[in-house]
Amino acid sequence: MKRIFLAFSLALTTLVMQASTTLPLKGTVVKPTDKNIQYVGRICFDNPERPRFTFPGMQINIRFTGTSLKLWAKPLSGYFMAQVDNAEPFKVALMGERDSVVNIATALPQGEHELRLMYIIEGFALKPDFRGFILDSGASLLPPPALSDRTIEFIGNSITCGYGNESTNQSDHFENETENHYLSYAQICCRALGAQAYVVARSGIGVYRCYDGAKTGTPENVMTTEYEYTNLYDRSEKWDFSRYQPQLVCINLGTNDLSTNNYDVKLLGAAYKRFLKQVRSHNPKAKIVFLCGSMLNGKELTIAKQLMDEAVEEARKQGDTEVYRFDFTPANGSLRYGADWHPSVWQHELMAAELTAYLRTLMNWF
């Protein structure tokens, strides 16, 4: 698959806060086990003091008192986007080999404040974990903000991750520094709809084979396998699907399966149908939408659309009437490209606008 990454939006200036070690910690240390911390996404709590996560879009939200806030996480955990109260969101970096604490906010007015924190890269190589927050001495957490009752699950590949979207050069290759899931079509759409989302996405992944994989398939490295687990990097925990039952599931897969001229159309078609049944078995009440685009074009785009249409048609004939199809406008360069030919930020914004309009009507979310 030609790899395209979300180009950095000139309309949105993000402030990168570099991590700095400040141990010994001063102030009120809030552990990850605090009942007032709100988690969103697939998170492994096998060690409650250091919850682990992999997928972009994982969120940690709190309300707190005091004038300052620090984030404590594993060194080299990667990048987050943080929003304090209603201020402009900004990027937070934990990329130093010994750095584990970063300032999120200082010199806030006394009173109550809110933090929304999102992990914005793919963590399967960095193996991040969360270790807590540090507040002012005597400050505390308050009950967390209410979550939206509109719930979505996004299943996808590098497009959904936001691969390369902070690059403005299609000749660039993957870097954690230029991946920003917060600026992906999925999260832009969620903000427009006022919805919450769990995300299961990884660059290079397909339905029956990974990017440039064997024609016969790569069963150990496809979404039908990964979907069952909480984390990508060790598969130590099977995901408990009862923890999150979305009203809507959006599946954007197939670009990697068709990425190089070494694919089997019949195997891909069968895999779409199997995966649809797999997703349905875990989400019996959800509407399921197959998304197509925006990186495919020509012959491969025609194949993908046909195979998704066939999977939806077969499911409906078998009595599953809550399955649907939606096509993004294919990228043609008019909105520029990100790294490795992935969607630019402007392309993601277009995708989000298109999908938002479709989902508003489908879900009656006005």
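The values are calculated or read from the model by the stated rules, or taken from the named source; none is laboratory data. What you see is a predicted model; the values in this text were computed from it and never measured. Cβ coordinates were reconstructed from backbone atoms using ideal geometry, including for glycine residues, and neighbour counts include every protein chain displayed. Ligands, DNA and RNA are excluded from the accessible area calculation, which covers all protein heavy atoms including side chains. Shrake-Rupley method; radii C 1.70, N 1.55, O 1.52, S 1.80 Å.
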Candidate lysines - alpha carbon under 25 Å from LYS317, same-chain residues fewer than 8 apart omitted: LYS266, LYS273, LYS277, LYS285, LYS287, LYS305
Surface accessible to a 1.4 Å probe, THR255 within the full protein complex, Å²: 10
Accessible surface of SER334 - all protein chains present, 1.4 Å probe, nearest 10 Å²: 90
Gyration tensor verdict on segment 82-196 (Cα atoms; rounded if a/c is under 1.5, prolate if a/b is larger than b/c, oblate otherwise): oblate
Translational diffusion coefficient (Stokes-Einstein; Kirkwood radius from C-alpha pairs) of segment 218-330 at 20 °C, 1.002 mPa s, in µm²/s: 144
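Can you compute the equivalent ellipsoid semi-axes for the chain, i.e. the square root of 5 times each eigenvalue of the Cα gyration tensor, sorted largest first and rounded to whole Å?
Working: eigenvalues 244, 91, 74 Å².
Equivalent-ellipsoid dimensions as semi-axes: 35, 21, 19 Å.
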Solvent-free Debye scattering, log10 I(q)/I(0), computed from the Cα coordinates of segment 197-261 at q = 0.24, 0.25, 0.27, 0.29 Å⁻¹: -1.05, -1.10, -1.19, -1.27
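What net charge do the residues around THR216 carry, taking every other residue with its C-beta under 14 Å from that of THR216, with Lys and Arg at +1 and Asp and Glu at -1? Mind showing how you got there, number by number?
On the way: positive: ARG209, LYS215, LYS266; negative: ASP212, GLU220, ASP257, ASP264.
Neighbourhood net charge equals -1.
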Sequence-distant lysines (8 or more away, or on other chains) whose Cα lies within less than 22 Å of LYS35: LYS26, LYS70, LYS74
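Give me the net charge for the shell around CYS189: Cβ to Cβ below 12 angstrom, other residues only, Lys and Arg +1, Asp and Glu -1.
Around CYS189, the charge tally is +1.
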Interchain or long-range residues, amide H under 5 Å from THR260's placed H: ASP212
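Find the all-direction average of the projected area of the Cα convex hull for segment 239-286, expressing the result in square nanometres with one decimal place. Show your work: numbers first, answer last.
Details: hull surface 15.7 nm².
Averaging across all directions leaves 3.9 nm² for the Cα convex hull.
With viscosity set to 0.692 mPa s and temperature to 37 °C, compute the Stokes-Einstein D of segment 76-139, Rh being the Kirkwood radius across alpha carbon pairs; µm²/s, no decimals.
Details: Rh = 13.1 Å.
Stokes-Einstein gives a translational diffusion coefficient of 250 µm²/s.
What length, rounded to one decimal in nm, is gained on full extension from ARG316 through to THR106, with 0.36 nm per residue of separation minus their alpha-carbon distance? If you can, show how the numbers build up before the last one.
Details: separation 210, 0.36 × 210 = 75.60 nm, distance 5.46 nm.
This chain segment gains 70.1 nm when fully extended.
What's the local net charge at GLU322, with K and R +1, D and E -1, over the other residues with C-beta under 11 Å away?
On the way: positive: ARG280, LYS285, LYS287, ARG316; negative: ASP320.
Every neighbour counted, the sum reads +3.
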Size of segment 153-252 as Cα extents on the principal axes (Å, biggest first): 39, 37, 22
From phi via Karplus (6.51, -1.76, 1.60), per-residue ³J(HN,Hα) for segment 44-57 in Hz, x at Gly/Pro: 9, 10, 4, 10, x, 7, 9, x, 10, 8, 10, 6, x, x
Nonlocal amide H pairs with GLY338, under 5 Å, H built at 1.01 Å: PHE5, ALA7, SER344
Whole-number D in µm² s⁻¹ for segment 266-309, Kirkwood Cα-pair radius fed into Stokes-Einstein, 37 °C, 0.692 mPa s: 286
